[in-house]
1. Under the condition of being of a type in the set (D, E, K, R) and out of contact with any Asp or Glu (no Cβ under 8 Å at 6 or more places or on another chain), which residue from region 219-250 is nearest to the ligand (Cβ to nearest atom)?
2. Quick check on region 251-263. Is at least one of its residues within 16 Å of the ligand (Cβ to nearest atom) and charged (D, E, K, R)?
3. Name, by its number, the condition in (1) outside any loop (DSSP other than H, G, I, E, B); (2) crowded, with 20+ Cβ neighbours inside 10 Å; (3) small (G, A, S) that does not hold for A29.
4. Among the residues of region 247-264, are any surrounded by 22 or more Cβ atoms within 10 Å (Cβ to Cβ), more than 16 Å from the chain's Cα centre (by Cα) and touching a residue at least 60 places away in the same chain (Cβ under 8 Å)?
5. Of M50, M77, which residue is under 28 Å from A308 (Cβ atoms) and part of a loop (DSSP other than H, G, I, E, B)?
6. With the requirement that a residue be assigned to a loop (DSSP other than H, G, I, E, B), out of contact with any strand residue (DSSP E or B) (no Cβ under 9 Å at 6 or more places or on another chain), under 17 Å from G168 (Cα atoms) and not small (G, A, S), what does region 216-263 give you?
7. Hey, any hits in region 77-91 for a residue that's within 17 Å of the chain's Cα centre (by Cα), within 16 Å of the ligand (Cβ to nearest atom) and over 22 Å from G216 (Cα atoms)?
8. Do we have any residue at all in region 33-43 that's over 20 Å from the mean Cα position of the chain (by Cα), crowded, with 16+ Cβ neighbours inside 10 Å and on the phi < 0 side of the Ramachandran plot?
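Bear in mind that the values in this text are calculations on the coordinates, not laboratory data. Keep in mind it's a predicted model, so treat the numbers as computed, not measured. Counting neighbours? That spans all protein chains shown, and the Cβs are built from the backbone with ideal geometry, glycine included.
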Amino acid sequence: MSFPTHRPRRLRQSAAMRRLVAEVRIHPADLILPVFVREGAAEPIPLQSMPGVVQHTQDSLRSAAAEAAELGLGGIMLFGVPETRDAIGSASLDPAGVLNAGIRAVKQEVGDSLVVMSDLCLDEFTDHGHCGVLTADGVVDNDATLEIYGRMGVAQAEAGADMVGPSGMMDGQVAVIRQALDDAGHQDTAILAYAAKYSSAFYGPFREAVDSQLTGDRKTYQMDPANRREAMLEVSLDLDEGADLVMVKPAMSYLDILRDVAEVSDVPVSAYQISGEYAMIEAAAANGWINRDQAIIESVLSIRRAGADSVLTYWASELARWIKEGRL
Ligand code: PBG
């Protein structure tokens, strides 16, 4: 035969045909919007390294959450930027602290129309910027940190979080937080475990977003970008400890890891398209070097295709708006 039986181009000939055979789609319910709320802010403060993203006031946070619910997003993930920090991140436990107050405001605003999630980590709250407390030698003290994480989980659940997201990569964090939540009567508060979280240069813009005080790096607790097998260990530990969802982070440089995790996980898998991924596309687009909208869609599709059930992305609301307008 001079021609192959299959002519794959048949299924690419029109937008309708391509839409019919698309293997993955982007749906608002699969998107989670990360948001920053800043203590004492009178106006939303734009972030230079993340054009279009702001540090919210409590009021503008409420509006963003209401809009996210209106757009049908799956969830919202809150990060707090406190005014005062100390060695042990005390403000994270204060029911009136910026993050807990933000959770309470958002929950009040959206009720059960959207899953309210909160970052459970100390880096925004410590004056040294590490994700845990330090020993006298300046090393991040795993077990002393766990004790605070447990209390932080309870404080967030009490503020109204439906799901907490431990992102500090301490060993045993899921087990300790689960136990603390259960002991306090919060059996229904879910845990989204940042299971395979890599030590990445692509977190750069996030550090501006939370006014991070970090001077060193997180290599003693976040994963080495060279390692694939180790991600399986991290995921299986978190699953054993009771994670309700597992996450891979960052997303785009770790799509192989995401595929591996999606293949073994018996709980839903999430991926976090982080600040640097956002900034790279925005910066290239601002220079006219790539088509912004197409690049955003392609990047999120690739994360879904690699196996993520849900995607945390700073473009969540914008994407949902495009979907609503029939542009996607
Ligand atoms: C830690 C945390 C970080 C991010 C989410 N949670 C920063 C880090 O690990 O240094 C990064 C998110 C992003 O870059 O968009 N609390």
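1. So, considering only residues that are of a type in the set (D, E, K, R) and out of contact with any Asp or Glu (no Cβ under 8 Å at 6 or more places or on another chain), the one nearest to the ligand (Cβ to nearest atom) is K249.
2. No: zero hits.
3. (2)
4. Restricting attention to region 247-264, the residues satisfying the condition of being surrounded by 22 or more Cβ atoms within 10 Å (Cβ to Cβ) are 247-251, 254, 257-258, 261.
From the residues that got through so far, the ones that are more than 16 Å from the chain's Cα centre (by Cα) too are 257, 261.
In the following step, the residues that additionally are touching a residue at least 60 places away in the same chain (Cβ under 8 Å) were identified as 257, 261.
Yes, that holds for at least one residue.
5. Step by step, each of M50, M77 is checked, and only M50 is under 28 Å from A308 (Cβ atoms) and part of a loop (DSSP other than H, G, I, E, B).
6. Within region 216-263, D217, K219 meet the criteria.
7. Looking through region 77-91, at least one residue is within 17 Å of the chain's Cα centre (by Cα), within 16 Å of the ligand (Cβ to nearest atom) and over 22 Å from G216 (Cα atoms).
8. Of the residues in region 33-43, the ones over 20 Å from the mean Cα position of the chain (by Cα) are 39-43.
So of that shortlist, the ones also crowded, with 16+ Cβ neighbours inside 10 Å come out as 39, 41.
Retained after the next criterion (residues that are on the phi < 0 side of the Ramachandran plot): 39, 41.
The answer is yes, given that some residue of region 33-43 is over 20 Å from the mean Cα position of the chain (by Cα), crowded, with 16+ Cβ neighbours inside 10 Å and on the phi < 0 side of the Ramachandran plot.
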